[in-house]
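A.B. asks: I'd like to ask some things about the structure below.
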Amino acid sequence: MSEQPGEASSSEHLVHSLRNPRKRKHASQKGSWASFLKSLAGFTGDLSSMTAPPFILSPTSLTEFPGTRISVKTSILHLLSMSLAYWCERPELFAKIADGKNEEERALAVLRWFISTLKGQYTSRNESMGSEKKPLNPVLGELFYGYWPATAERGGKTTLVVEQVSHHPPITAYRIANEEKGVVLTGHNAQKTSFSGGSIIVKQVGHAVLTVRLSSGDAEEYLITLPRLRIDGLWYGSPYIELTDTSYIQSSSGWLSQIDYKGKGYFSGKSHSFKATVTPPAHLYRQPHVIEGTWHSISRDIRTGAIFHDVTTPKEEVTVAPIGEQGEWESRRLWNVVAKGIRDGDFDTAAKDKSRIENEQRQRRRDELSAGTKWELKHFKHIESCPTYERLGKLFSVNPPTEDGYDYLNNGPHT
């Protein structure tokens, strides 16, 4: 790496770093990052086996990413996996879906809630830690429980149950519910990753189904597909996420939201731009709704100019039991020592305890293999083909036409 004007020479940097442990650590991090990028550039196929330097890791387990996406050897594909808690960090929007007076209002409410989740899912680590940080790679059977308390505005308590249902490949299943309002979200996600043109390209695998219980006693369902992601900024050591391509929200009522994601240079010329077109079913002769803006801030209805969504206001964090009251498989207790090491900059301690957890997991898998047994999931059951995905997917020619899923067993701690 060439020296920049005004910078000290390489030999002076070396002397200072040897005298200063913090600078020694920073120099070591630079070397690890450079080596990592070299191995990344020469890698072909899925990146799930790649090794990431520990200083780019987040102190948060991936299982928290449906509700809020470490030893040195850990999968880089989790750099951007969604935090499941972030699906509901604005629980009032989740609850308001049920308040829609008709199919059209509910379809728009689902879109508004979904767009409001994207900032937390894909930029929260960038804002809080200076750049995207890779979440801790969850172990098979890891659990995360949380809730948002009841309020007058949103009715009953909103609950979250997350379980790591597979380790190779890593798959997370989740359920978010406001039972009083009759709104339930169930889904799972995984990723397939590749490296192209200096960026990591991520195809998100999985889907979510949102169900709304209507006053008539009927249920309205929404199939939600996931956007693709691109991680840029790798060569500068400051990764950030951009959403790409198209995702869909298909209602059983026939309303379809098509969400096109574009980065800088498209539409508004801003990062995190999107355009959503909400189309009525064929038998309704109405103009579609068109929403444009940036998913990490504000969007507007193109026809009226009214603000459609606004996530510049404060969000609400999920409530989680104290670590001392958590079970051994719950994320914050399981990763407590590792997380503290990362936050304190003590990467040796973090790496050692992560290795301990990983080695224990490997031994469990060996013991299961020897005994001819298989790990039993706690809250979810795998199904080979999700009937809701197939049924609603036919309405907009989803690809792939079928996909597996995970049924919730209705046995979470909130029941």
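A.B. asks: With acidic (Asp, Glu) and within 27 Å of Thr158 (Cα to Cα) as the only criterion, which of Glu316, Glu358, Glu292 stands out?
C.D. replies: After applying the criteria, what remains is Glu316.
A.B. asks: On to the next question. Pick from the range 56-93 the residues that are at pLDDT below 55 and in a strand (DSSP E or B): which of them is surrounded by the fewest Cβ atoms within 10 Å (Cβ to Cβ)?
C.D. replies: The selected residue is Pro59.
A.B. asks: Something else: Out of (1) open to solvent by 10 Å² or more (accessible area, probe 1.4 Å); (2) part of a strand (DSSP E or B); (3) more than 18 Å from Leu93 (Cβ to Cβ), the odd one out for Ser216 is which?
C.D. replies: It is condition (2) that Ser216 fails.
A.B. asks: Another question, if that's okay. Got a sec? Which strands (runs of 3 or more DSSP E) wholly within the range 247-312 have at least 3 residues that are open to solvent by less than 30 Å² (accessible area, probe 1.4 Å)?
C.D. replies: Details: elements: 256-262, 273-279, 289-294, 298-301, 307-310.
Fully inside the range 247-312 and qualifying: 256-262, 273-279, 289-294.
A.B. asks: For the range 94-213, please list each of the strands (runs of 3 or more DSSP E) lying entirely inside it that holds at least 1 residues being open to solvent by less than 20 Å² (accessible area, probe 1.4 Å) and at pLDDT 95 or above. Spell out how you get there, then give the answer.
C.D. replies: Values: elements: 134-136, 143-148, 158-167, 170-178, 183-196, 199-213.
Correct list: 143-148, 158-167, 170-178, 183-196, 199-213.
A.B. asks: Tell me which residues, restricted to the range 374-389, are more than 24 Å from Phe144 (Cα to Cα) and either modelled with pLDDT under 95 or among the charged types (D, E, K, R) (or both).
C.D. replies: Kept after step one, since they are more than 24 Å from Phe144 (Cα to Cα), are these residues of the range 374-389: 384-385, 387-389.
Within the range 374-389, Glu384 is the sole residue that qualifies.
A.B. asks: Let me ask something else about it. Considering (1) more than 14 Å from Glu142 (Cβ to Cβ); (2) out of contact with any helix residue (DSSP H, G or I) (no Cβ under 8 Å at 6 or more places or on another chain), say which one Trp329 fails and leave the rest.
C.D. replies: (1)
The values are calculated or read from the model by the stated rules, or taken from the named source; none is laboratory data. Here the structure is a predicted model, which means the values were calculated and not measured. Don't worry about glycine lacking a Cβ; one is built from the backbone with ideal geometry, like all the others, and counts go over all protein chains shown. Heads up: the accessible areas ignore ligands, DNA and RNA and are worked out on the full protein's heavy atoms, side chains in. Shrake-Rupley method; radii C 1.70, N 1.55, O 1.52, S 1.80 Å.
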